[in-house]
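Chemist: Just dropping this structure here.
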C-alpha cells in the first residue's frame with residue numbers, strides 16, 4: 001500500500017510537470033490570439049521522432065541533437081503561424097480546420113517514415129538510472145523532469161510579467177486593438193507566442209520521452225486532449241490556472257491508473273471526461289478568467 | 001385547395017424537369033446519373049465487378065456521410081469534429097440487431113439510423129452552449145470517449161471490445177445489386193438534404209449560422225432548431241454508417257468510430273465546397289478514387305528511391321485539406337464547376 | 001502636419017465619412033464636435049489605421065500614412081487615446097505607462113515623460129501599483145491620456161475624454177489638455193461636449209452625418225445661430 005501511495009504521488013507529480021509544460025503554451029496561444037491550435041500535440045510528438053531520426057545524420061552528441069531538434073520544432077511553429085494560421089486567424093473555423101489538417105499531416109508524415117512500432121530514445125536521457133528507497137524506485141530522469149519543469153515554468157512566469165515582450169504579449173491578449181495603438185505589431189507578437197508555445201511543447205518532449213517511449217504517430221492527440229483538459233479546467237488563457245490544472249489532471253490520471261481496477265486503460269479517458277464535464281458545467285474554467293495573468 | 005396545388009405541381013412536373021434538365025446544373029446532374037447507371041454494366045471482368053465497382057459504392061456511402069456533415073456544419077454552422085459518433089453508433093446498432101437479435105437487415109438499418117438520431121439529440125443538447133472551436137472540441141471529445149469505451153477490453157461484454165462484430169450479411173451477394181441499392185438511397189438522401197437546405201427549415205438553419213443573436217431576437221427558437229439540425233444530420237450520417245457496416249460486413253471501434261471518419265467527412269465536404277451539399281458527393285468520389293489509385297500504384301521506384309505511395313495517402317489527403325482551407329475557402333470543385341457553367345452559358349448563347 | 005484630403009469611408013455599404021478635408025498645423029489644438037454617431041470616432045480610427053479608408057489621402061509630416069498598419073502609424077509619432085479608454089485593465093498603472101512608451105527607445109526620455117505625466121495627474125503616481133481595472137472612471141481617463149503621452153507623440157488624437165465623467169473631473173481633464181497643449185503637442189480632439197471643446201481649442205470642425213458642415217474659430221462659430229442652438233444650448 002505504501003508503495004502504491006508513493007507511486008501515485010510520484011506519477012501524479014511527473015504527469016503534472018509534463019502537462020504544465022505542454023498546456024502552458026497551448027493556453028498562451030489561445031489566450032493571446034484566440035487560436036485553437038490542434039497541432040500542438042503534434043509538435044510534441046514530432047520532437048520525439050526527430051530525436052529518433054537525427055542520430056543517423058549527426059555525430060551522436062545527444063545535447064546537440066536535442067538542441068537542434070527543439071530549435072527546428074520552434075521554427076516549424078513559427079512557420080505554421082506565418083503560412084497557415086495568420087491568413088485565417090479571424091475565422092475560428094478556418095483555424096481549427098487548418099491546424100487539424102496540419103496535425104494530421106505531421107502524424108502521417110511520421111507514420112510514413114517510422115510506422116506505428118513503438119521506439120525508445122533513451123540515449124537522450126540526461127540522468128540515467130534509478131534512485132531506490134526500500135519500497136520504491138524513482139526514475140532519475142523523472143526527478144530531473146519535475147525540477148526542470150518547475151524552473152522553466154517560473155522563468156516563463158517571470159518572462160511574461162517582467163520582460164518587454166512579455167508585457168506586450170499580455171497587452172495583446174487583453175486588448176489587441178489598443179495594443180496596436182501602442183505601436184505593438186500584434187501579428188509579430190502572435191508569431192512569437194506560437195513559437196514559444198512550440199518551444200515549450202518541444203522541451204517537454206525532450207525531457208519526458210527519453211524516459212518513456214514513442215508510442216506511434218497518433219500519440220500527439222492524447223497530449224492535445226490532455227492540454228485541452230488542463231486548460232479548460234484552469235480557464236482558457238489563464239497561466240496560473242494552466243499550471244494548477246496540469247497538476248490536478250496529473251494526479252487524477254495517476255490515481256485512476258493505480259487505484260482503479262483496470263486503471264491504465266481508464267486513465268486515458270480521464271482528460272476527456274474532464275473536458276466534457278467542464279464544457280457542460282463551466283466552460284470558462286475553475287478560475288474563470290479570460291485574461292492572461 | 002392543397003390537393004389542387006399538389007395536382008398542379010404534379011402536372012407541371014414533367015415540364016419543370018425538362019426546363020431543369022437544360023440548365024447547367026440540371027444537365028450535369030442528369031449526365032452524372034446516366035454515367036452512374038451504366039457504369040456497372042461496362043465490363044464483366046471479375047476485378048472490375050468485385051474491386052473497382054465497389055469503390056463507387058463506397059464513394060456513395062461517404063457522399064451521404066459528407067453531405068450530412070455539410071448540413072450540420074456548412075448550412076447550420078454547428079462545427080462537428082465528431083461526426084464519426086453517428087456513423088459508428090448506427091453501424092454498431094445495425095450489426096448488433098442482425099447478429100445478436102436476428103432482425104432482418106432492413107429493420108436493422110432503420111433502427112441503426114434512428115439510434116444515430118437519438119445520439120444526435122444526446123450530443124446536440126449538451127453541445128448547445130458551445131460555440132465555434134469549443135463545439136469542435138466538445139464533439140471531438142465525445143467521439144474519443146465513445147471510441148475508447150468501445151476499445152475497452154474490460155467492457156468487451158457490452159461493447160464487443162476491439163474485435164467488434166463480424167460476419168454480417170452483405171446487402172446483396174451481387175456487387176451490382178448492392179451498388180444499385182446504395183445508388184438509390186444516395187439519390188433519395190441527396191434530394192431530401194438539398195430540399196431541406198432550400199426549405200424554410202434550411203433558411204432558419206442558415207440564419208442561425210450567420211447571426212445567432214439576430215435569429216434569436218427575431219423570434220426563432222434557436223435551441224430547438226440547433227437540436228433539429230443535429231438530429232437530421234445524425235440520421236443521414238447514421239444511414240451511411242449502417243451501409244458502411246454492411247459494406248464491410250463487420251464493425252470495429254477504429255474502423256467505424258475512428259477520428260479518421262470525422263476527418264473524411266470534413267475533408268470531402270471542404271474539397272467540394274462547404275454549404276453546397278452536392279460538393280460533398282464530388283469530394284467523396286474524388287477521395288475514394290484518389291485512395292484507390294494510390295493503392296493501385298503501390299510501390300514506385302525513382303532511381304534508387306523506392307516509395308510506397310499507398311503509405312502516403314493520408315499525408316496527401318491532409319495536405320489537400322490544408323491547401324483547400326488555406327487557399328480556396330469555397331472548395332476546389334465548385335469554382336471549377338462555375339467556370340464550366342460560364343462556358344456552357346456562352347455555348348448556349350445565354 | 002496632418003493633411004487629410006477627400007477622405008471617404010464606408011461601413012459595409014453605409015457611408016460613414018464623406019469627403020473629409022482637414023489640415024492641422026504643428027502645435028495646434030483643434031476640435032471636432034458633433035452629435036453621437038456623426039462619425040467623429042471613425043475619423044480618428046481611420047487616421048490611426050484601425051480602419052482602412054476607401055478613398056482619399058492622409059499625409060503626416062509629408063508622408064502618406066493611409067495604407068499603413070496601426071502599429072506603423074503609432075511608430076511615426078501619432079498617439080490615439082481611444083474611445084472608452086481601452087486600458088489594459090489587468091495590468092498596473094505603471095505597466096500601462098510602460099506599454100504607452102513601447103516605441104520609446106530612450107530611457108532618460110522615458111523617465112522625463114513619466115515625471116511629466118505624474119505631475120499633471122498626481123493621482124496616478126499614488127496608484128501606480130494598482131490594477132487599472134480597479135481605478136475610478138476619472139482616474140482611468142487620466143491613465144488613458146497619460147499612456148498616450150508616454151510615447152512622446154508628435155500628434156495626439158483624443159477621443160471623447162469627457163465621456164461619462166462628473167463635471168468636476170471633466171474640468172481636471174480639460175485643464176490637463178490645456179497643459180499638454182502648452183507643452184507643444186499637436187492635438188486633435190473629438191468631443192461631444194461642445195462647450196468644453198470650444199473652450200480649449202483654437203479651431204473647431206463640426207461633423208454631422210459624416211460630413212464637415214461648418215468650421216471656424218471659436219469666435220466665428222459662436223456667432224452662428226445654429227451652433228448656438230444645437231451645440232451650446234443658448
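We did not get these values from a lab; they are worked out from the coordinates using the rules stated. This one's a predicted model, so the numbers in the text were calculated from it and none came from an experiment. Note: ideal-geometry Cβ built from the backbone for every residue, glycine included; neighbour counts use all protein chains shown.
Chemist: Helix-only estimate, please: 222 nm mean residue ellipticity of chain C, summing -39500 (n - 2.57) across DSSP H runs of length 4 or more and dividing by its residues, to the nearest 500.
Modeler: Only helices count here, giving -10000 deg cm²/dmol.
Chemist: Another question about this same structure. Per-residue Cβ counts within 10 Å, from other chains only, averaged over A:271-277: what number is that?
Modeler: 4
Chemist: Identify which of A:274, A:75, A:260 has the largest mean-square fluctuation in a Gaussian network model of chain A, with springs joining Cα atoms closer than 10 Å.
Modeler: Sorting by GNM fluctuation, first place goes to A:260.
Chemist: What is chain B by shape, rounded, prolate or oblate, if you read a ≥ b ≥ c off the alpha carbon gyration tensor as root eigenvalues and call it rounded for a/c under 1.5, prolate for a/b larger than b/c, and oblate otherwise?
Modeler: Judged from the Cα gyration tensor, chain B comes out rounded (a/c under 1.5).
Chemist: Let me ask something additional. Can you sort A:162, C:105 by how many other beta carbons sit within 10 Å, fewest first?
Modeler: Fewest-to-most Cβ neighbours within 10 Å comes out as C:105, A:162.
Chemist: A further question on this structure: Would you work out the relative contact order for the stretch B:43-347, in percent, from Cα pairs under 8 angstrom that are 6 or more residues apart?
Modeler: Normalised by residue count, the contact order of the stretch B:43-347 is 32 percent.
Chemist: Taking the number of other C-beta atoms within 10 Å as the exposure measure, put C:86, C:131, C:226 in order starting with the fewest. Please list the in-between numbers first.
Modeler: Values: C:86 19, C:131 16, C:226 11.
Arranged by neighbour count, lowest to highest, C:86, C:131, C:226 become C:226, C:131, C:86.
Chemist: Taking Rh as the Kirkwood radius, which is the inverse of the mean 1/r over Cα pairs, what is the Rg/Rh value for the stretch B:1-88?
Modeler: Here Rg/Rh amounts to 1.13.
Chemist: I need the calculated FRET efficiency for the pair residue A:158 and residue A:91, taking r as the beta carbon distance and R₀ as 41 Å, to the nearest 0.05.
Modeler: Efficiency, rounded to the nearest 0.05: 0.75.
Chemist: Taking every pair of distinct Cα atoms and averaging 1/r, then inverting, what Kirkwood hydrodynamic radius in Å comes out for the stretch B:1-42? Please report the intermediate quantities before stating the final value.
Modeler: Values: mean 1/r = 0.0834 Å⁻¹.
Over the stretch B:1-42, the inverse of the mean reciprocal pair distance is 12.0 Å.
Chemist: Would you kindly calculate the mean projected area, averaged across all directions, of the convex hull enclosing the Cα atoms of chain A, in square nanometres? Before the final figure, lay out the partial values.
Modeler: Numbers: hull surface 62.8 nm².
Computing the convex hull of the Cα atoms and averaging its projections yields 15.7 nm².
Chemist: Against the longest principal axis of chain C, how steep is helix C:167-182, in degrees 0 to 90 to the nearest 10, with axes from Cα atoms?
Modeler: 90 degrees
Chemist: Same structure again: Given an 8 Å cut-off on Cα distances and at least 6 residues of separation, report the relative contact order of the stretch A:158-206 as a percent.
Modeler: So the answer I get is 24 percent.
Chemist: Using the C-alpha gyration tensor of chain C, what are the square roots of 5 times its eigenvalues, in whole angstrom, with the largest one first? The partial results should precede the final answer.
Modeler: Values: eigenvalues 155, 92, 51 Å².
Working through the eigenvalues yields semi-axes of 28, 21, 16 Å.
Chemist: Let me ask something additional. So if R0 is 45 Å, what FRET efficiency would residue A:262 and residue B:44 give, r being the distance between their Cβ atoms, rounded to the nearest 0.05?
Modeler: Details: r = 53 Å, r/R0 = 1.18.
Taking R0 as 45 Å, the efficiency between residue A:262 and residue B:44 is 0.25.
Chemist: Still on this structure: Cut-off 10 angstrom, C-alpha nodes, Gaussian network model of chain A. Which of A:147, A:43, A:255 fluctuates the most?
Modeler: Highest fluctuation of the listed residues: A:147.
Chemist: Which of rounded, prolate, oblate describes the protein assembly as shown, given a ≥ b ≥ c as roots of the alpha-carbon gyration tensor eigenvalues and a/c under 1.5 marking rounded, otherwise prolate only if a/b is larger than b/c?
Modeler: Details: a/c = 2.27, a/b = 1.39, b/c = 1.63.
Since a/c reaches 1.5 but b/c is at least a/b, the shape of the protein assembly as shown is classed as oblate.
Chemist: Give me P(r) over the stretch B:116-218, computed from all C-alpha to C-alpha distances, binned every 10 Å, as integer percentages.
Modeler: For the stretch B:116-218, the binned pair fractions read 12, 22, 31, 25, 10, 1 percent.
Chemist: A further question follows. Add -39500 (n - 2.57) for each DSSP H run of 4 or more in chain A, then divide by its residues: what number comes out at 222 nm, to the nearest 500 deg cm²/dmol?
Modeler: For chain A, the value works out to -23500 deg cm²/dmol.
Chemist: Which whole-number percent is the relative contact order of the stretch A:1-127 (Cα, under 8 Å, 6+ apart)?
Modeler: Computed value for the stretch A:1-127: 33 percent relative contact order.
Chemist: Run the helix sum for chain B: -39,500 (n - 2.57) per DSSP H stretch of 4+ residues, divided by residue count, reported at 222 nm to the nearest 500 deg cm²/dmol.
Modeler: Values: 15 runs with 247 residues, N = 350.
Using -39500 (n - 2.57) per qualifying helix, the result is -23500 deg cm²/dmol.
Chemist: For helix A:219-234, report the angle its Cα long axis makes with the longest principal axis of the Cα atoms of chain A; keep it between 0 and 90° and round to the nearest 10°.
Modeler: For A:219-234 against chain A, the angle is about 70 degrees.
Chemist: Counting only other chains, and only Cβ atoms inside 10 Å, what mean value do you get across the residues of A:89-96? Write out the running numbers ahead of the final one.
Modeler: Numbers: counts 0, 0, 3, 7, 10, 3, 4, 11.
Other-chain Cβ atoms within 10 Å of each residue's Cβ, averaged: 5.
Chemist: If you don't mind, another one. Treat the count of other C-beta atoms within 10 Å as a stand-in for reagent exposure and order A:93, A:270, B:346 from fewest to most.
Modeler: Details: A:93 18, A:270 21, B:346 9.
Fewest-to-most ranking of A:93, A:270, B:346: B:346, A:93, A:270.
Chemist: Separation of the stretch C:146-211 and the stretch C:80-130 by C-alpha centroid, Å?
Modeler: Using only Cα atoms to place each centre, the spacing works out to 18 Å.
Chemist: Mind pulling the angle between the C-alpha long axis of helix A:239-259 and the longest principal axis of chain A? Nearest 10 degrees, somewhere in 0 to 90.
Modeler: Roughly 30 degrees, rounded to the nearest 10.
Chemist: Here's a follow-up. Springs between alpha-carbon atoms under 10 Å, Gaussian network over chain C: tell me which of C:123, C:147, C:84 tops the mean-square fluctuations.
Modeler: C:123
Chemist: Okay, next question. Determine the distance separating the Cα centre of the stretch A:221-262 from the Cα centre of the stretch C:21-46; give it in Å without decimals.
Modeler: 52 Å
Chemist: Working only with C-alpha atoms, what are the Rg and Dmax values of the stretch C:29-76, expressed in angstrom?
Modeler: Answer for the stretch C:29-76, Rg first and Dmax second: 11.5, 32 Å.
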